[in-house]
Each structure stands twice: as structure tokens, then as C-alpha cells.
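Values in this text are rule-based calculations from the coordinates and carry no lab data. It should be emphasised that the depicted structure is a prediction, and the values quoted were computed from it without experimental measurement. Note that we place each Cβ from the backbone using ideal geometry, even for glycine, and neighbour counts take in every protein chain shown.
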Amino acid sequence: MVSSWASRVEQVAQEDLLMFINACLTCTGQREFYDDDYGQKVSLDFLHDYILGNYRLLYCRTLAAGINHFNQTQIVLKLLATGRATTPEHREEENRLITATLDNLPPHRAWNLLVQLRKRHINNRRARAIAKNYITSRAELLEFNAVKYRSKLRAIVAHNHLKPEDELSAFLFRHWPSRFQSELFEQFRRGHYSASAIYNLPFTIAEGLAAKHNIPRDVFLSRIEQQMTVGEKLRLQNSAEKAGIAIEIEPHRLPLTKLALYILSLSRDIRLQRRDELHQALQKSACSVLKRVPIQFGRVATVLDCSYSSFGSSEKRRRPLGIALAVHYLLTASAQEYQVFWTLPTTEPLLVMPRGQTNLADPLLSALAWQPELVVIVSDGWENDPPAGTAELLRVYRSKLDPQKKTSIIHCNPVFNANDFTLKRLSSLIPTVGLRDAEDLPVVLGFARFAEGNATLAELEEYLATRVEQVISA
């Protein structure tokens, strides 16, 4: 009886942790096609508090599981806010994992996280030490960060009672001398008084000063373009077009998923005109992913959802479809033999558009007839043509044609379902895992064996512990 109870406790813990990791792989608290942003945030916040309260060590180790930046930030904030609950034997690991996570976050997310400590009134000794260490580790780029994130760095310094060196302190708190020794500080000081001096500053800083100097938007964008990052150019495409300015995007500089999303944002005619250029850019981007994470597959088929719901939402425009397109190119580059099957057949993936009902059973049947070793399905799971058609197909296939599971089938879902705190599944016979970016596919495929439910809690804990060592040592 005791053994049965213990086994059930382990099973619940395993299911809870798998549900949480899947949520952290996909959800960012933003609106989806079928869910609003409020429901996403409430569901995700509940999951965070539940796992933190019941499995603190595993909650912390989830930072190393390849989850998205949004959830990494939430975990760090909640760990720092509840430091008293950390057991002494795990305090050092927790501190090192938080520090490594901060170092690996994009700078704007890391600075925002440290500002959130102030807004949430988290002012314990550990939080102050971690903030100080992060600033110290950025010593070589501190002047640039001080200019680009001036208000954030000022708030962090004041909140944590830090004492920066004299010129940095004067710059942050506006005790400006007649001239700064730092060239970048001096450029900012000049830009504050002279409109012509703003164009050597980072774009986000220059944008605020341009408004202060009443510089017309079209004039400002045309002159500041050389200072813009690739991400800033992507974000400003629409506003630049409205101002009559064409901002040049260099596709080869974009990571794979962002490149796919950029291509899908172009009109069909432009995609046709630049087909060769965009195709080569996607191939090169996929190869660069494989250089960082070398993976090799044998005979692979993909079933990719391009139904209307793959449009996503106003906040995550075309993201499910962009992930499907990026996965197509990534697996094309990593598989010895490869076939793709879209929900609406297309001979030109670059021209794919979100349209029609979700019919996954037909392309899955065609994929299985090709007899691959691995089938990867990318879909939000909302199958309606016919409903539950894939589940019935898989039931027959697993029971009659492939009971030994010679063909691995994995469902990658890019959308979090807020109603039941998990990802919408196509069938209980195949694992469903979250996928935020195509670049995360190697990590997600490694995690799929746990999502299938065959691995024990001990194996999952060992997997997370190994990931923690890799992150900390890196």
C-alpha cells in the first residue's frame, strides 16, 4: 500500500513538472489565436506559484531546460523573492544558476529583470549581490549599457545602494560636467542639446531625443538607420513604411525563426521576386543552427499546419506558421532523407499562407505511407477537419501496423492552452512538446521521451541535473 502511494506521488510530480516545462517552452503571456493575453498570464502565473511551492529545487532547475526567456525571467524573480525558502544544501546551486541565466539573457531582458526587483520591492542581500555581480560582469560594455539603458541602470543602482565610479554616477544622476571624458557620454550630452549630434547614439536613445528636438519621423528614420540593430529594423518596418522610408533588412543576419517570420510578412509577389535569395538565406541560417547544435537524422517526414489558425494573433503574428517553415528548413538540412506534408499541399514552402481548416489526418497518412523513421508534426492541435481524425488514425496505426513503434512520432505545439494549463494534444499515443523557436528543436526532441510518459521522475530529475551542470559550466 505504501509503495503504491509513493508511486502515485512520483507520477503526480512527474506530470506536474512536465506540464510546467511544456508551458515554459511555449507561453509568453501574450494573446494567441484561441486565447486572450489575460487568460495566458493568469494560467502561467498559477503554474509558476504551484511548482515553486511544491518542487522548489526542480522549479529552479527548469532554468536549464531550454525554456523561453520570458519564463526564465519569471523564475528568477520568484526565486529571489522567496530566498528564505531555499535549503542550505541547494543555495549555492540556485545562486549559480540564477547568475548563469542572467548572463545568458539578452541585455534588455536582463536589465528589465533587475528593474523588476525594485518594482516588486525585492531588496534582500542575495538580490543586491546578484545585481552588483551582473553590473560588474558588464564592465567592458558598461558605458554603452549606461547610455542605452540609462533610466534602468539608474534605478538599479539606487535600489541596490551601489556606488558607481564618479563619471558614471554623474552621468546617471545628471550631475553633468561641462565635458565628459567618456566619448559616448559626451556624445549623449551633446545630443541632449543639439539635434545633429543624436545620430551617433544607439537608436532607442536617439529616438527619444529626436522627439525632444521635434525632428520629423521620416527624416529621423532615414538618418538613424545605420545605428539600428536587426531586431529594431524588424520592429520598425510598418512605421517606417507609413513614413515613406524603406528600411533595408539583411536576411543573412537574422536567426532562423525570425528570418522565417520576416519572409512570411512579405507579400506573395515580393517573395516570388526574391525567392532564390530568401531560400538561400533560410538554408544558411539552418546550417548555422546545426553548427552550434550538431544533430543528424535518417529518414524524416514533417506534417506542417498551415491552416488559418497558424496566423497566430496580433501580438504573435504568423508565429505558428513561421515556426513550421523554420522547422522545415532545419530538418531539410539535418536529415539524410526528408519529405514535407502540409495541411494544404504546396510545392513552394516560401509562398505558404495561413488558410483553410485544420486537416492533419490526410498529410499524416501520406507521411506514414512513406515509412519514415521519425515524423514531426508542427501544429497548435486544434484539429477540425475532421475533429479527432489524427487520434483515430494513430490508434489504428499503433495497434495494427506499428505496435513496436518503429516509427517515432512527435507533436510539437507552439501554442499554450490556457484553459487546462497545458498544450492541446492530438493523441495520447504520441508525445506533445512545446516549441517556441525552431532553433530549440534539438532540445525539444531530447525532452520528448519524458513527455511520452515512459521515463520515471528520477530520470527526469537526472536530466535536469545534467542540464544544470552544462549551463553552469558554460
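Distance from the C-alpha centroid of the stretch 115-188 to that of the stretch 23-92: 27 Å, rounded to the whole angstrom. For the cross-link pairs Lys119/Lys424; Lys291/Lys316; Lys78/Lys291; Lys119/Lys316; Lys291/Lys406, the ones whose C-alpha atoms lie over 32 Å apart are Lys119/Lys424; Lys78/Lys291. From most to least packed by mean Cβ count within 10 Å, the peptides 319-332, 150-163 give 319-332, 150-163. Using Cβ point charges alone (K and R +1, D and E -1), the dipole size of the chain about the Cα centre works out to roughly 1380 debye. Listed by number, the DSSP H helices of the chain that run 15 Å or longer by alpha-carbon position along their axis and have mean Kyte hydropathy of at least -0.5 are 2-26, 37-54, 69-81, 319-334, 457-473.
Please label the shape of the chain as rounded, prolate or oblate, based on the square roots a ≥ b ≥ c of the eigenvalues of the alpha-carbon gyration tensor (a/c under 1.5 means rounded; beyond that, a/b larger than b/c means prolate, else oblate). Here the chain falls in the oblate category.
Restricting attention to the chain, close to 10% of DSSP beta bridges with both partner residues there are antiparallel. Loop-located GluC sites (Glu not before Pro) across the stretch 124-178 with a Cβ neighbour count of 12 or fewer within 10 Å are Glu165, with loop assigned by DSSP.
Each stretch of four or more DSSP H residues adds -39500 (n - 2.57); spread over every residue of the chain, this sum gives -17000 deg cm²/dmol at 222 nm. On the beta carbon distance between Asn54 and Ala388, with R0 = 35 Å, the FRET formula returns roughly 0.60. Between Val12 and Arg223, the simple label model (points 7 Å from Cα in the Cβ direction) yields a spacing of 6.6 nm.
Length gained on full extension, Ser366 to Lys132, computed as 0.36 nm times the residue gap minus the Cα-Cα distance: 78.5 nm. In the stretch 256-473, a dipole from Cβ-located charges (positive for Lys and Arg, negative for Asp and Glu) runs towards its positive end, and of Ala388, Ile295, His328 it is His328 whose Cα lies farthest in that direction.
DSSP bridge analysis restricted to the stretch 256-473 gives an antiparallel fraction near 10%, rounded to the nearest 5. Annotation for Ala455 and Arg84: the two label points, set 7 Å from Cα along the Cα-Cβ direction, are 3.6 nm apart.
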